[in-house]
């Protein structure tokens, strides 16, 4: 027996048209390079995205062609988010924080034909333009700069777009593309489908996860070039929420001003961004008036419990999330289940510091050498995942096929525990675990404990070679400005929380910890730097 339901494709034109028809007067706000604010409505956004789509087709865009973007977070980038895939092309966001050589490699590997670039980023384009071959370069002149030779003005380009009819799109057609920015090896491309983007938007918006609605004002601080700003431009458009974009202004003072001025109710970013916001709030307690009930999803790296507690004192709720470029990216978000609401304060904050509960249709398991680990909250194993918005391969990179198991699960490289309630807790990356005397030590747990010390701003824990124990932990610490931190004080602080063999053998103080373009700590660089460290 067959069902009697319609075959209705899950494609992005529906989101674009729905937003304009049902929420057409809702605002989209962008902070421009000169700090001015650009405002228009969903109806304006839909009309301009359609004109861009028509212009791309008139310029020769064919089905599956890649349209690259080199832009900050603003309304023109949002227009490209929808125009390229709705015209049958593929949106490819380029990470402007990568080295120009890496950007050139990505452009060439992806086969990008078109580039839409901010005028303020033209100096970056100049550093790799000779190494790539775009058919057309279109410049969004938001700062009003001169138009270089060989480039086209964005406004002039879309003005010539003319009428636009949506092509017939299959929900499994490629719609978006993003490259990983991992700590080792060349970036790897992941290609998202219309279907995977739409399902990801539905699932993340559920109340127990991001809980998005038309009443929200959503500000993605996470860059739009980083895994589609965690899908927020799509999910916000799906529900018709007001969207607020920070442009290139990501310092703590600018973000607090924007969050306050535009009454933002939901935001997203990595811990380093929120650390700057927290410093701004702490510097003037009581002066800022953020929207009541402001929620922030934090991901990219583990969020210290101390940060969650600190924001709670300002009335801001932190949602701890987990994901990867390969998972679109959101796979889990932490919330407190109904029957756990009675937990004491300490237990509640400890729970909120976990990576959370998997989204619907996102399946997880922790695997050890002996097989699947029990969900007991203690047994560590590699997190493996599968689901409708999880990549099944990389773009044109067969050599990386071992990233997937024979039975079709993505190997994430994260070491986790799963408890009986389904809460995921990352204990480390496989390559960052420390094995001392045959026992595992979690660098993440040690880092979170160190950051909880009132004089510590950041901490990274790495393994160093030891003749007796094989490996021992070394803590690399960034002290808060003006705060001297005696090593004995840190040692005693850690010893209160962990077994004696977990306590680092040494503490090295540095001005900053090296990070990737997306805020992840470069522990490989630290391991190389301190490979010969010995206590004097």
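Only the coordinates and a few stated rules stand behind these numbers; no lab work does. Quick caveat, the model's predicted, so the values are computed rather than measured. Virtual Cβ from ideal backbone geometry, glycine too; neighbours counted across all protein chains shown.
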Given 0.36 nm per residue, what is the gain on full extension from residue 439 to residue 2 after removing their alpha carbon distance, in nm?
-> 151.8 nm
For 443, 517, 292, ascending order of other Cβ atoms within 10 Å (fewest first) is 292, 517, 443
PRE reach from residue 336 (point 7 Å along Cα→Cβ): which of the stretch 284-307 fall under 13 Å by backbone N?
-> none
On a 0 to 90° scale, report how tilted helix 75-86 is relative to the longest principal axis of the chain, with both axes built from alpha carbons and the result rounded to the nearest 10.
-> 70 degrees
Orientation-averaged projected area, Cα convex hull of the stretch 48-143 (nm²) | 5.4 nm²
To the nearest 0.05, how large is the calculated FRET efficiency for residue 135 and residue 469 if R₀ is 56 Å and r is the Cβ-Cβ distance?
-> 0.45
Report relative contact order for the chain in percent, whole number only (criteria: Cα-Cα under 8 Å, sequence separation at least 6).
-> 10 percent
Percent antiparallel among DSSP beta bridges confined to the stretch 431-536, rounded to 5, stands at 80 percent
Cα convex hull volume per residue for the stretch 433-529, in Å³, equals 98 Å³
Degrees between helix 100-110 axis and first principal axis of the chain (Cα, 0 to 90, nearest 10) | 60 degrees
Full extension between residue 39 and residue 159 adds, at 0.36 nm per residue less the Cα distance, a length in nm of 41.3 nm
Compactness of the stretch 250-430, expressed as Rg and Dmax over alpha-carbon positions, Å | 18.1, 56
Just rank 334, 151, fewest to most, by other beta-carbon atoms within 10 angstrom.
-> 151, 334
Virtual spin-label span in nm between residue 207 and residue 421, 7 Å along Cα→Cβ = 1.9 nm
Gain on full stretching of the segment that runs from residue 396 to residue 498 - 0.36 nm per residue minus C-alpha separation | 32.2 nm
Share antiparallel - DSSP beta bridges, the chain, percent rounded to 5 | 55 percent
Inter-part distance where the stretch 115-136 and the stretch 253-282 are each reduced to a Cα centre, Å = 30 Å
Mind jotting down the distance between the C-alpha centroids of the stretch 37-56 and the stretch 387-462, whole Å?
-> 40 Å
Angle between the chain longest axis and helix 271-283 axis [Cα atoms, degrees, rounded to 10] | 80 degrees
Can you give the calculated 222 nm mean residue ellipticity of the chain, where each DSSP H run of n ≥ 4 adds -39,500 (n - 2.57) and the sum is split over every residue, rounded to the nearest 500 deg cm²/dmol?
-> -8000 deg cm²/dmol
Could you calculate the FRET efficiency of residue 147 with residue 261 from 1/(1 + (r/R0)^6), where r is the beta carbon distance between them and R0 is 35 Å, rounded to 0.05?
-> 0.65
Where Rh denotes the Kirkwood radius from the mean inverse Cα pair distance, what is Rg over Rh for the stretch 329-396?
-> 1.05
Nearest-0.05 FRET efficiency for residue 284 and residue 489 at R0 = 22 Å, using Cβ-Cβ distance, is 0.15
Fewest to most Cβ atoms within 10 Å: 376, 505 sort as 376, 505
